[in-house]
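Notes for the one structure printed next.
FYI, it's all coordinate maths here, none of it is from the lab. Since the model is a prediction, treat every value here as computed from it, not as a measurement. Every residue, glycine among them, receives a Cβ derived from its backbone with ideal geometry; neighbour counts consider all protein chains shown.
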Amino acid sequence: MKNIMSLLVAFLFLFGCENVPIDVGIVEGKVTIGPLCGNIPTMTTGTNPCGFTDEQMNQVYSKYKVAIYSVNSPKVVLKEVVLNRTGTFSFEVPTGGYSVEVLIPQGSAATTQLGSELKKMVSISKSKVTTISLNVNTGIQ
């Protein structure tokens, strides 16, 4: 009898939770970090006015992370990603309220710079994509 009960518990554990639907949505966005160099020539335009290589841009952006927190547990990171040169990110999370924040490297002045928008509150709805933008002002002049 004990063996049958153990088998039943194992069966329910393995197969009983498989089809439980979870309502999820997506928050995606882009982090812009800049300026990246001072005294930019007036003829330079675009998303890379300093003329950095892709590898150099990856080095700059990879120092930053984006984290998502539930409003119910604001001190617990649910997920985080390291940025690449595009600055884009995406999280699939259950429906609800969240805080999305750029995690600044230690010693960076960006947290106190005017024009930095490092954190946003979002509400995630079932099967919807919520798009946000975050900005890091490096203070380089």
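Could you grab the Rg to Rh ratio for the stretch 22-137? Cα atoms only, Kirkwood for Rh.
Working: Rg = 15.4 Å, Rh = 15.2 Å.
On the Cα set of the stretch 22-137, Rg over Rh gives 1.02.
How would you rank LEU103, LEU114, going from fewest to most other Cβ atoms within 10 Å of each one's own Cβ? If you can, show how the numbers build up before the last one.
Values: LEU103 15, LEU114 6.
Ranked by crowding around the Cβ, least crowded first: LEU114, LEU103.
Using θ = phi - 60° and the Karplus form 6.51 cos²θ - 1.76 cosθ + 1.60, what ³J(HN,Hα) does each residue of the stretch 119-135 get, whole Hz, x for Gly and Pro?
My calculation for the stretch 119-135 gives 8, 9, 9, 9, 10, 9, 10, 4, 6, 10, 10, 9, 10, 9, 10, 10, 10 Hz in order.
Starting from the amide H of LEU103, placed 1.01 Å from N in the peptide plane, find each other amide H under 5 Å away whose residue is 5 or more places distant or on another chain.
LYS65, VAL66, ALA67
Mind listing the long-range amide H neighbours of THR130? Cut-off is under 5 Å, sequence gap 5 or more, other chains count too, H placed in the peptide plane at 1.01 Å from N.
ILE26, VAL27, GLU28
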